[in-house]
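Notes to accompany the following structure.
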Amino acid sequence: MILKKLALAVAVSSAVIVSAHAADRDRHDDGRGNAHEYGASSFAFALIGDGPYGDAVEPAFDNMLTNINRDRTVEFVIHIGDVKSGGTECSDERLIRRFNQLQQLRIPLIYTPGDNEWTDCHRANNGGYYPLERLQFIRDLFFPNPNFSTGGHPMRVMTQANMAGYEQFVENTMFMRNRVMFVQTHVVGSANNLRPWSPYDPTDTAATPRADRLAEYTARNEANLVWLESAFATASSRGAAGLV
């Protein structure tokens, strides 16, 4: 079976409402069963990312979330990462505030980390944090139960955390909605963490990379490839019409 690969255009700091013609389900199904995976009509979801960028735009971002909540046709939201700008601090307070802000959504929220949340946190204007410590903080904060999304109405997802040898990758998830398989893999900017953490560590260069930075990239890249293979195999075995 040949799976259709769907390309989605994302508007920065705004919501894209995507309607997929595949099947129908009750919006308030929490995803604990499989009935929502198959059907015969259409559904809609919101795709957001790169925001909110800065405290000044938080009210506008809140307004967008309110509008999503008011749209009864939207069944879930996917945030593709970067819940803060690359020039603001990666403090616990800011990240927790962003998490709580997104929990205003009354429907399931699927989130994939961005580079601004951890990879770039070594920058002086980000607070000079150790990126791998920030990565663990993001995993603990945004994925309290890896088997479920967050949001006001969590839904069950498949997570790589249940795959032997890949337990740390709680952020890699997949779920099928009305014969469309959605898969999330953790790939970020800043060359996917291959960009040196300078000046945080002046000795870290492309020619002489930090061992911990390179090890993180290598392990996550392998996990992503394994998860993608698993997603296509799962989609095929379940008769998916497409994969996003």
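Taken together, the values in this text are just the output of simple stated rules run on the coordinates, not laboratory data. Source: prediction; values computed, not measured. Every residue, glycine among them, receives a Cβ derived from its backbone with ideal geometry; neighbour counts consider all protein chains shown.
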Expressed in µm² per second, the diffusion coefficient of the stretch 12-243 from the Stokes-Einstein equation, with Rh the Kirkwood radius over alpha carbon pairs, at 20 °C and 1.002 mPa s, is 116 µm²/s
Per the C-alpha gyration tensor (a ≥ b ≥ c, the square roots of its eigenvalues), the stretch 143-223 is rounded if a/c is under 1.5, else prolate if a/b beats b/c, else oblate; here it's prolate
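Counting other C-beta atoms within 10 Å, and keeping those with at most 16, which DSSP coil GluC sites (Glu not before Pro) do you find in the stretch 85-192?
Glu89, Glu167
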Loop-resident trypsin sites (Lys or Arg not before Pro) in the stretch 54-101 with no more than 13 other Cβ atoms inside 10 Å, DSSP not H/G/I/E/B, are Arg72
